[in-house]
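Shown next, in C-alpha cells, is the structure this report addresses.
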Amino acid sequence: MNASTCSLCTIWNSSIGKKLLVALTGLVLVLFLAGHLAGNLLIFVGEEAFNEYAEMLHTMLHGAGVWIARAVLLTCLVIHVVATISLTRLNRAASPKYVHEQTIQASKSSRIMIWSGLTILAFVIFHLLHFTVRVDSGLAEIAKTNPHKMVIVGFSNGLVVLFYAIAMTLLCSHLSHGVASIFQTLGLRSKKSAPLIEKLSKGYALVIWLGFLSIPLAIYFFKFGR
Amino acid sequence: MLNLTLKVWRQKTPQDQGSIETYDAKNIPEEASFLEMLDIVNERIIESGGEPIHFDHDCREGICGACSLTINGVPHSKEKGITSCQVHMRKFRDGDTIWIEPFRARAFPVIRDLIVDRSAMDRIIAAGGYIDVRTGSAVDANSLPIPKPDADAAFDAAACIGCGACIAACKNSSAMLFTAAKVSHLGHLPQGQPERDKRVLAMVRQMDAEGFGNCTNQYECEAACPKEISVDHIARMNRDYTVASLKEQLV
C-alpha cells in the first residue's frame, strides 16, 4: 500500500476523520441543493427558460460538464452514506440504553438523522430513475423534446407527489441539524457564532423545503402547466 | 417529609445481567441531599439484612467528580451545573418515582450497582493530557505573558472534574467533550504549544481505542456537564485534530 492510501486509511479509521468526510461531502451536497433548486425554479419563469436551462446543462463543456457534476455528486453521496452508516453502527455498539431514557436538549431532527438520511437516499434513487434515467418510456419520449412538459407530467401522479413531499420534509429535518453540524465538525462554530449558525441551518432547511415543494404542489394541486 | 418510590439499578457483578429493583423511601427530610437520601435508604436495607445500594461518592461538595448517578435518565439529574451530590431532596415532590441508574457507556463497565469503571478516561489523559517540562520551583507568574481570553478559555476547560457525565449523557457515549476539554486546557496555553499536535492525535486515538462513540453534535454533553464546559472546545479539537492529522499524514 502506498503512502497516500495509508494516509486516507488513517483519516477514515479515526472518529474525527470520518466525521470530517461526512461534513465535507455533506457541504458539497448542501451546496448542490441550492443550485438544483435555483435551476428548478426556472419552471415558473416559463417553458422556454426551463428548456434552455436543461439544454445548457447537457451541452456545458461539450456535454462533459454534466458528467463531471454527476461523478462528483455520486462520490460525495457514496462517502457520506457509507461513513454515516459506519458511524451509526459504532455509536450503537458504544452506547447501552438506559431503562429510563431521557433527552435534555437534542432535537428530534438530530435523533432521526440516519432514518431521514436513508429515506432521502431511497428518494434520490427513485428520483434519478424517474427524471434522469427515465425508466417510464412515455416520460422519456416527452423529455427528448420538452423537459418542461416532462416535469409537469411527472408531477401529475399523486403517489409521486406524496413520496416527493415526504422526502422533502425529511430532507428539511436532515438539513436543519446537518448544516449546523458541518460548522461544528469543521471546527468553525463558537459560542458567538452558534446562534447565527443555528438560524442559518434552520433557514436554509426551510428555503429548500418550500422551494422544492412549491413545484409539485403547484402542478398537482393548482394545475400549473396542466 | 417525602415519601418516594425508588427504581434502582442493581447488579451484583460486572458479568451479572442486572435489573431495576423498587424501593420505598419513606420519611425522607426535604433538607437531605440526594446521597443522604440514599444513605438513609441503605441504613434501612442493612437493618433488614439486605445488601445496601452501592454508589460512588467522595467529597460530597461538587468538586471531586466521584459521584455518578443518572437520576431520571439524566446524569447528575436535570438540575443544571451540579453533580449528583449537590442535588437536594427539596427538588422532588412527595409521591415521586425516581429512577437511579449508573453512568452508562460500553466503555464504562458496571462494577457493582451504580458504580462504573471510568478508568478509560484516565487512559485518555495518560495518552497525552500533560506537558513534558522539568518541574521544580514555580517560575515567576508574570514571566510568561498569556492573553486574558486565552487564560480564561484554558481555565474554563480545566474546570473539568472528569466525572464522565458528558459521556453518560451522550446518545452515542462519545467522550468528545471530556477529551476536548483536556486538549483545550493545555492547547490554549504557551506551555502546551510544543506538544499540541502530538497531544491531540494521541488523546483522540486513545479515545477511539477505548470504544467510545462518535459525536453527533447534539450537545447533550454540554447540558449535562456539572462544570458547564462548552462544546466550543469540541469544535476546537476537531480543528486541531484535522490540522495535526493532515500534517502527520501529508507533510
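Each reported figure results from applying straightforward, stated rules to the coordinates on display, with no laboratory input. On a predicted model such as this, the values are computed, not experimentally measured, just so you know. We place every Cβ from the backbone using ideal geometry, glycine too, and count neighbours over all the protein chains shown.
Key figures for this structure:
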{"read-out": "Hits in segment B:56-90 - residues which are among the small types (Gly, Ala, Ser) and either free of Cβ contacts under 8 Å to residues at least 40 places away in the same chain or within 11 Å of chain A (Cβ to nearest Cβ) (or both)", "value": "B:73, B:77"}
{"read-out": "Residue that is at negative phi, touching a residue at least 60 places away in the same chain (Cβ under 8 Å) and outside any helix (DSSP H, G or I), where the choices are A:109, A:156", "value": "A:156"}
{"read-out": "Among residues of segment B:212-251, those that are of a type in the set (Phe, Trp, Tyr) and within 14 Å of residue A:19 (Cα to Cα), counted", "value": "1"}
{"read-out": "Among (1) in a loop (DSSP other than H, G, I, E, B); (2) buried (at least 17 other Cβ atoms within 10 Å of the Cβ); (3) on the phi < 0 side of the Ramachandran plot, the one test that residue A:148 misses", "value": "(1)"}
{"read-out": "Scope segment A:84-108; condition surrounded by fewer than 16 Cβ atoms within 10 Å (Cβ to Cβ) and facing chain B (nearest Cβ under 7 Å); matching residues", "value": "A:93, A:96, A:99, A:101, A:102, A:105"}
{"read-out": "Filter result for the condition that a residue is in a helix (DSSP H, G or I), of a type in the set (A, V, I, L, M, F, W, C), away from chain B (no Cβ under 11 Å) and surrounded by 14 or more Cβ atoms within 10 Å (Cβ to Cβ), over A:210, A:217, A:196", "value": "A:217"}
{"read-out": "Where a residue in segment B:117-129 is closer than 15 Å to residue B:181 by Cβ and its partner, wherever it lies, is of a type in the set (Gly, Ala, Ser) and assigned to a helix (DSSP H, G or I), with Cβ under 7 Å and at least six apart", "value": "B:127/B:202; B:128/B:202"}
{"read-out": "The one condition in (1) surrounded by fewer than 20 Cβ atoms within 10 Å (Cβ to Cβ); (2) in contact with a Phe, Trp or Tyr (Cβ under 7 Å, 6 or more places away or on another chain) that residue B:174 fails to fulfil", "value": "(1)"}
{"read-out": "Residue A:18 touching a residue at least 12 places away in the same chain (Cβ under 8 Å) and exposed (fewer than 14 other Cβ atoms within 10 Å of the Cβ)", "value": "no"}
{"read-out": "Residues located in segment B:91-102, provided they are more than 10 Å from every other protein chain (Cβ to nearest Cβ) and either touching a residue at least 24 places away in the same chain (Cβ under 8 Å) or in a strand (DSSP E or B) (or both)", "value": "B:92, B:93, B:94, B:95, B:96"}
{"read-out": "Criterion violated by residue B:216 - all others in (1) of a type outside the set (Lys, Arg); (2) crowded, with 24+ Cβ neighbours inside 10 Å; (3) under 17 Å from the mean Cα position of the chain (by Cα) satisfied", "value": "(3)"}
